[in-house]
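The values are calculated or read from the model by the stated rules, or taken from the named source; none is laboratory data. What you see is a predicted model, and the numbers here were worked out from it, not measured in a lab. With ideal geometry, Cβ positions are generated from the backbone for all residues, glycine too; neighbour counts draw on all protein chains shown.
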Amino acid sequence: MHQKVSEQIAECLRRAAEADERAHQATDPTLKTDYGRMAQSWRTLARSYEFQSSLGRFISFNNDRQQWASPILAEDHQSSSSASVFEEKEADILDRLARVTGRIPPYSVDAVAIALASVSIATLVRFGGGWAPTDLHFAIYLPAILATGLLAGTPAAIGAALASLLIIFWAFMPPYFQFKWLTPTQQVNVFINAVPYFITVYFAYCCRLVLQRLHRRERTNEILAGELRHRARNLFSVIQAIVQRTLAETPDRAEKLTGRLRSILYANELLVSGKSDPITVRDLLLQEFAPYGENRLQMRGLDLEIEPENARHLLLLFHELVTNAAKYGSLSHVDGNVIVEWRWNNSRRLAMTWTEIGGPTVAPPSSDGFGSQLMRLCVKSLHGTMQAQYLPEGFACGISVRIDRRH
């Protein structure tokens, strides 16, 4: 639906630009006025579509945010509503634990079952240790109380603590398996060891609360990131239509500009995507060579995982190199190829070589264009250097940049 609205906005802006052009070319004042009104009507319609799209996204975002605001309902809607807003990443153990804590409300049957299971397991472990005269029968229940508090909530944890004291009093204090009156020494012992139980209950309550808050905030951030990606795509569609219409007489310049914008869009999505998948040099190269065919690219190097911020500059650099190769170098010939080699020199230095083969004879340009300036800017942003060579067999360059490598 959002994609259709974006296309409608782009079409309205295109019609408005055509009407402006006709108004500019018209000599009749009446006709010029009519074309001007037509252009204004198309722009008004485009703003209407944009408002409709923004309102729909705003309503959708608020609905999703309300779903994640409840730790109980968040997990029930996870597989349906949230999947349409952001891409689900692979969950780690903390994510799974947060989902369990959000799915099990206090005072529920599941909470009681978890408390009973935790206390039963601790009791079986204590039975396995025998009836040695030691305080182990108190300490063995602390993990059970903590697990119950994290998974099932504070009421279940308090019940587990009380049940643990009752079991210890009945089964592990002589005379065994009898309800008896405790001696003063035993009463003090039970009281002193009961204090850590309820401290553990409070600690489990705090951990459960923090875990659920972090989980909800993470989901909210993912929803916001998805909204940012969607708005960026819509903005790119509108800008692309404007550029193509404005530079209709020079389609090569329009394609070059939209290609750079497309690379920036892809690089920004790497920053806000939230994906756990690694970003490698190989992936960035394949992204830029996709329109020309992966078979025209020969890569030699390890799959180095790099930070998204560095990937943005590298992607723009690769885009300019590929664009130049397609226009002047090896990619402009059917049999031309590009060889890219890279290696890791030290902790933060990446050395790369770009070699074009099978293309036309190249010569140094008489002046630096914007593409050359953009490449130097990208290399400078990565605190690196770039040396270009215009050889008879093709263009070649050596690049050395400092990047942050993921471990």
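Yes or no: Gln178 part of a helix (DSSP H, G or I), over 19 Å from Ile145 (Cα atoms) and out of contact with any Lys or Arg (no Cβ under 7 Å at 6 or more places or on another chain)? In short, no. The single condition among (1) crowded, with 18+ Cβ neighbours inside 10 Å; (2) under 15 Å from Ser118 (Cβ atoms); (3) over 39 Å from the mean Cα position of the chain (by Cα) that Asn193 does not meet is (2). Among the residues of the range 364-378, those identified as out of contact with any Phe, Trp or Tyr (no Cβ under 6 Å at 6 or more places or on another chain) and surrounded by fewer than 19 Cβ atoms within 10 Å (Cβ to Cβ) are Pro365, Ser366, Ser367, Asp368, Gly369, Phe370, Gly371, Ser372, Gln373, Leu374, Arg376, Leu377. For the range 337-383, filtering for residues that are among the small types (Gly, Ala, Ser) and in contact with a helix residue (DSSP H, G or I) (Cβ under 9 Å, 6 or more places away or on another chain) leaves 5. Yes or no: Leu316 of a type outside the set (Ser, Thr, Tyr), in contact with a Phe, Trp or Tyr (Cβ under 8 Å, 6 or more places away or on another chain) and either buried (at least 17 other Cβ atoms within 10 Å of the Cβ) or within 18 Å of Gly371 (Cβ to Cβ) (or both)? So Leu316 fails the test. Of the strands (runs of 3 or more DSSP E) that lie entirely inside the range 294-398, those containing 3 or more residues that are free of Cβ contacts under 8 Å to residues at least 40 places away in the same chain and assigned by TED's automatic domain parsing to the domain that holds Val281 span 385-391.
Name the residue that is nearest to Pro196 (Cα to Cα), counting only residues in the range 128-170 that are in a helix (DSSP H, G or I), modelled with pLDDT under 80 and hydrophobic (A, V, I, L, M, F, W, C). Among residues in the range 128-170 that are in a helix (DSSP H, G or I), modelled with pLDDT under 80 and hydrophobic (A, V, I, L, M, F, W, C), the one nearest to Pro196 (Cα to Cα) is Phe138.
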